[in-house]
Amino acid sequence: MDNMTRRVFAGAAALAALGVVTGAAAQQPVKIGVIYPLSGNSASAGNYSKMAIEVGADVVNNGNAELAKIMPIAKGGGLSGLGGAKIQLIFADNQGTPAAGQNQALRLISEEKVAAIIGAYQSGITVTASAIAERHGIPFLTAESVAANLTERGFKWFFRTTPVAIDFARAYSTFLREQKAAGQKVGSVALVHENTEYGNSVASVIAEQFAKDGLPVTQKIAYSANSSDVQPQVLQLKEKNPDVAIFISYTSDAILYTKTMKELGWKPAIMIADNAGFNDPAFVKSLGGSVEGLVNRSTFAGGKPGSVPELFNELYKKKTGGDSLDDVSARGLQGFLVMADAINRAGSTDPAKIRDALKATNLPASQMVTGYEGVKFDDKGQNILASTLITQMRGGQYVAIWPKDRATAQIVLPYKGW
């Protein structure tokens, strides 16, 4: 063999070796960090969302023939844009505290080397965790946190798929004004809210919107979500006896308020829950019968056979042993699917390319697990196509009652409760 031939063989061998290495690199899993409360007062909501996101990752990695007819990313085999790379979810427990959320975000970035982060359910924790991601140039998507200020910080790496406080405030206002027109008393409104970023922000936005629309907020009661006794707050409500009471609460405090109101024998004609704890499957299972007629907001209300929400709900029920998707877990799943779609289109784990792909997202309503009109972000990272439904507790489950064109049942008032 002459020198030329040797050089040709050596070059071919080198190229082959390079190809093997490149192919192997393309198949490395794509790590997505997921920060949720897996312990603490909101652990139930966090763990249901964790299972929902695991369902989503399984569909992306292994496929689903029915979903693949509607959404390309469900064809399976991993991310086609990255040579079939699988998604690896790295979960982190924020323990229900901003400090833990911040620390977990830093660990996911510095130690786990995640390409992007999803989280963190509570707005007060999303504030700290997303600030770490921003500092390190890592895309951060929140699927549930609704505090108004999250998209007002000038961040370049932050995205939010969920509807926000102003969307809910406008929905509540329109709904109540329609009830007033139908003869229902709405002359006094109480806002009862936990006093972290979530409760303070949502209560403030609702109060401002109601003032514009002529709905009088006559009581604002702030309390700690870790309270072990809310009798003083319920007695304040009982004394003023407002026509409408809106609760902005997490799980443990939602349960506590319901039990205390029953014990003290007070309930308003219209009781509205701002989702969160009142929508947690743990709350619905244990106290659904005690809050018959409770009005709530939701982005998830099931779907027709063969639709994206129906198909994902069936997969989720198989995983959980019968539990259906609820609003929070459905929003978490939706957020994951948006992130997976963006990474796939980016064709890279480079954070800047993922961010650019998120900015270019334009998904249709037909591909939504939730009831959004689609997903498209504005320059602040807010999904401008997010929307919400209003539901009511009937026989231990929530059914859609508003808007009329998406309702599956008529509203029944006054609030029955227990």
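The values are calculated or read from the model by the stated rules, or taken from the named source; none is laboratory data. All of these numbers come straight from a predicted model, not from anything done at the bench. Backbone-built Cβ (ideal geometry, glycine too); neighbour counts: all protein chains shown.
Considering only residues that are of a type in the set (Ser, Thr, Tyr) and modelled with pLDDT of 90 or more, look in the stretch 225-249 and name the one that is surrounded by the most Cβ atoms within 10 Å (Cβ to Cβ). Step by step, filter the stretch 225-249, then rank; the result is SER249.
Identification of helices (runs of 4 or more DSSP H) wholly contained in the stretch 259-356 with 1 or more residues that are assigned by TED's automatic domain parsing to the domain that holds VAL34 and of a type in the set (Ser, Thr, Tyr) yields 308-320, 327-346.
With respect to ALA116, is the statement that it is surrounded by 24 or more Cβ atoms within 10 Å (Cβ to Cβ) and either outside the structural domain of MET51 (by TED's automatic domain parsing) or under 16 Å from ASP350 (Cα atoms) (or both) true? Answer is yes for this residue. The lone criterion from (1) outside the structural domain of THR361 (by TED's automatic domain parsing); (2) in contact with a strand residue (DSSP E or B) (Cβ under 6 Å, 6 or more places away or on another chain); (3) closer than 30 Å to GLN367 by Cβ left unmet by ALA207 is number (3). Of all the residues in the stretch 34-68, those that are closer than 29 Å to LEU82 by Cα, aliphatic (A, V, I, L, M) and without any contact (Cβ under 8 Å) to a residue 60 or more places away in the chain number 2.
Could you list all residues from the stretch 153-181 that are in a loop (DSSP other than H, G, I, E, B) and at pLDDT 95 or above? Spell out how you get there, then give the answer.
So in the stretch 153-181, the residues in a loop (DSSP other than H, G, I, E, B) come out as 153-157, 161-164.
Of everything in the stretch 153-181, those that are in a loop (DSSP other than H, G, I, E, B) and at pLDDT 95 or above turn out to be ARG153, GLY154, PHE155, LYS156, TRP157, THR161, THR162.
When the test is whether a residue is assigned to a loop (DSSP other than H, G, I, E, B) and either surrounded by 19 or more Cβ atoms within 10 Å (Cβ to Cβ) or polar (S, T, N, Q) (or both), TYR415 passes it.
Annotation: of all residues in the stretch 250-259 being surrounded by 17 or more Cβ atoms within 10 Å (Cβ to Cβ) and not aromatic (Phe, Trp, Tyr), the one that is nearest to PRO414 (Cα to Cα) is THR258. Checking GLY33, GLY63 one by one, the residue that is surrounded by 13 or more Cβ atoms within 10 Å (Cβ to Cβ), at pLDDT 90 or above and more than 29 Å from GLY306 (Cβ to Cβ) is GLY33 and no other.
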